[in-house]
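These notes are about the structure you will find just below.
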Amino acid sequence: MAGKTLYDKLWEAHVVREEPDGSTLLYIDRHLVHEVTSPQAFEGLRLAGRTPWRGDSVLAVPDHNVPTADRDKGIADPVSRTQVETLETNVTSLGLKFFPMADVRQGIVHVIGPEQGATLPGMTVVCGDSHTSTHGALGALAFGIGTSEVEHVLATQCLWQKKTKAMQIRVEGELRPGVTAKDVVLAIIGRIGTAGGTGYAIEFAGSAIRSLSIEGRMSICNMSIEAGARAGMVAVDEKTIEYVRNKPQAPSGELFEQAAEYWRTLVSDPDAEFDAVVEMDAAEIAPQVSWGTSPEMVAPITGRVPDPAAESDPVRAEGMKRALEYMDLQPNTPMTEIRPDKVFIGSCTNSRIEDLRAAAEVVKGRKKADNIKLAMVVPGSGLVKQQAEQEGLDRIFLDAGFEWREPGCSMCLAMNADRLEPGERCASTSNRNFEGRQGQGGRTHLVSPALAAAAAVAGHFVEPSALKEA
Amino acid sequence: MQAFTVHRGIVAPLDRSNVDTDAIIPKQYLKSVKRTGFGPNAFDDWRYLDPGEPGMDSSQRRINPDFVLNQAPFDQASILLARKNFGCGSSREHAVWALTDFGFRAVIAPSFADIFFSNSCKNGLLPVVLAEDEVQTLFEQVEANPGAQVEMNLEEMTVTAPDGTVFRFTLDEDRRHRLLNGLDDIALTLQYADDIRAFEERQRREWPWMAEHSQG
């Protein structure tokens, strides 16, 4: 019999009950909650007279609607304010763990989970948010759910799931200098498409993935959903265990060692069989820039905007044409000639300390280009912000003419005041370039933090290594 | 949840692939703490020519006459026909609530994003996967004969095209059963409360760090 995949092991360790048709009642260890997808779930619970099954599994935080400037003035938009207040009322009335906006631990839910040790290897982690796959970087089974499922988990600590197929994406070899985790995941999505992972749980493997830090692995797992997969994960190794050690909610002492012994088993067996395997050569991956309105529409920075006329599939060609029209781009334009109006460094994909360091390294000693109306850096959490300030990164950004903001989802989805105006073009470290995602009529180019920083300095997309000496 | 057995209605052809949930319901409407009222803002960016904000009276806004749901008879459609990877992106269940609030009972596409598919089934909105050529046939028939009705039968798992052609689809038995009967998931799960407790007992024994440190 073939060995087990990491997904098999995580799944089997959480089966409460299995029906003959394969429907499985799966136990959920950690439930992360934010203000946007939870109010209707709490209301449903209340109307049915139910209470949370295990309140201590919940960690709640406002992130989507929170302002990133002038926080002392509260939330100006009354609708946003009501939503954040509703979260606070819901969770505090039930005694659930909560980091309010004023707490230094507040931040984007997918940044604070690992930061607090609230998400640990071997756990099942859910949140009413598709980027929950981020937590899979720790060797956890983590996936996004809808609001009905949020209510179901609150009430029962479980979800009905069917085991999906397993895909292994193996990136072997050494990444070229300047190529980051974000470039790797964009290249993967460009290769397999936005539905390539639908119906699968993806395990990212291979020497290039193992060489990444835990934060880099989070950037990769984060965008699993952009490849269609609800869950993405990376096997546990010593980096994972060192990352988790001493986190506030992680076990300590003897219990930690006992846990670590188990966590080390959370790897796919050498003879495990996957339903699909995708192999990529790390050395062939260049820094990526998206040109369209779907995350699969990416090109290397050295490349050009593609020509729909060269596409043989008519449905696809039509989609490309529509995307280029929306993005106001001409076929065959070199990527380096595209000039953004704004730059956004942040989001659950790229707002951790290593992301900010990478951007700061490019910006250091340089200035924002004149055509860039706004370059903003939004740390993923209050603790990331604090750490960055201790390292002087805030000064580097401010001296270059960037804005240094408070933590939240911000202009990744523009639910707060941070947004693009119609027609504005943005170099963004976020995860979705859908029409209107960053503001109605806004145009998003997905890039790594280093490329976003370089675009802010040069006024157009460029490899950081090609910038003039600072 | 509203049960789904058989439904007959007008089909709106939305000839796009990768329709994402940001397009189905833009972010500004997610600030609502309710489950209802999203219908006027379904496909807001495509449906109206002016920017929309929560609280606006949508009947007073400038509509985009080129968008299919603004054209009769498709403004009365209860079945949505689209291309592959429908509902990709954000997990927002508001996308499903917007479609049901508009009046849709079913969506037909060659493929769906996983979270959207799951959310649909929990709200009585039937997601039906047909082969690409079958979807193409439906597009052709509906565009040639606007207002033609299609019948969706979940008991038989069939879609009857305007010309009488019958297409078969599948849906896993568990989801089909719940949709046919409009069942409350939570009440069903709580019948297994003892199994859940037994699992927790085992977890405390085998993986004590999970439970002991979940309180932080």
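Values in this text are rule-based calculations from the coordinates and carry no lab data. All figures in this text were calculated on a predicted structure; none of them were measured in a lab. Every residue, glycine among them, receives a Cβ derived from its backbone with ideal geometry; neighbour counts consider all protein chains shown.
Quick look at the numbers
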quantity: Convex hull volume per residue for the protein assembly as shown, taking Cα atoms only, in Å³; calculated: 148 Å³
quantity: The stretch A:96-233 pair-distance distribution - Cα-Cα, 5 Å bins, rounded %; calculated: 2, 10, 19, 22, 19, 13, 8, 4, 1, 0
quantity: B:His177-A:Lys239 FRET efficiency (beta carbon distance; Förster radius 51 Å; 0.05 resolution); calculated: 0.70
quantity: Sequence ranges A:111-118, A:296-303, ranked by mean other-Cβ count within 10 angstrom, highest first; calculated: A:111-118, A:296-303
quantity: Average beta-carbon neighbours from other chains, 10 Å sphere, peptide B:22-29; calculated: 6
quantity: Beta bridge orientation in the protein assembly as shown: antiparallel %, DSSP, nearest 5; calculated: 30 percent
quantity: When each of A:Lys9/A:Lys182; A:Lys165/A:Lys239; A:Lys373/B:Lys27; A:Lys342/A:Lys367; A:Lys97/B:Lys34; A:Lys9/A:Lys162 is checked by Cα-Cα distance, pairs over 20 Å; calculated: A:Lys9/A:Lys182; A:Lys165/A:Lys239; A:Lys373/B:Lys27; A:Lys97/B:Lys34
quantity: Fraction of antiparallel bridges per DSSP, chain B only, in percent to nearest 5; calculated: 50 percent
quantity: Peptide-level mean, for A:431-438, of C-beta atoms on other protein chains within 10 Å; calculated: 5
quantity: Debye log10 I(q)/I(0) for the stretch A:393-447, one point scatterer per Cα, at q = 0.12 Å⁻¹; calculated: -0.29
quantity: Shape category assigned to the stretch A:151-227 from the gyration tensor of Cα positions, a/c cut at 1.5; calculated: prolate
quantity: Over the stretch A:106-158, equivalent-ellipsoid semi-axes from the Cα gyration tensor in Å; calculated: 18, 12, 10
quantity: Length-normalised contact order for chain A - Cα pairs under 8 Å, 6+ apart - percent; calculated: 17 percent
quantity: DSSP beta bridge pairing in the stretch A:270-401, given as percent antiparallel to the nearest 5; calculated: 50 percent
quantity: Chain B, relative contact order in percent, only Cα pairs under 8 angstrom and at least six apart counted; calculated: 25 percent
quantity: Cα-derived Rg to Rh of the stretch A:163-307, Kirkwood definition; calculated: 1.01
quantity: Taking the stretch A:289-328 and dividing mean pair separation by its residue count, relative contact order in percent (alpha carbons under 8 Å, at least six apart); calculated: 40 percent
quantity: Dimensions (Å) - the stretch B:74-216, Cα atoms, principal axes, largest first; calculated: 64, 29, 27
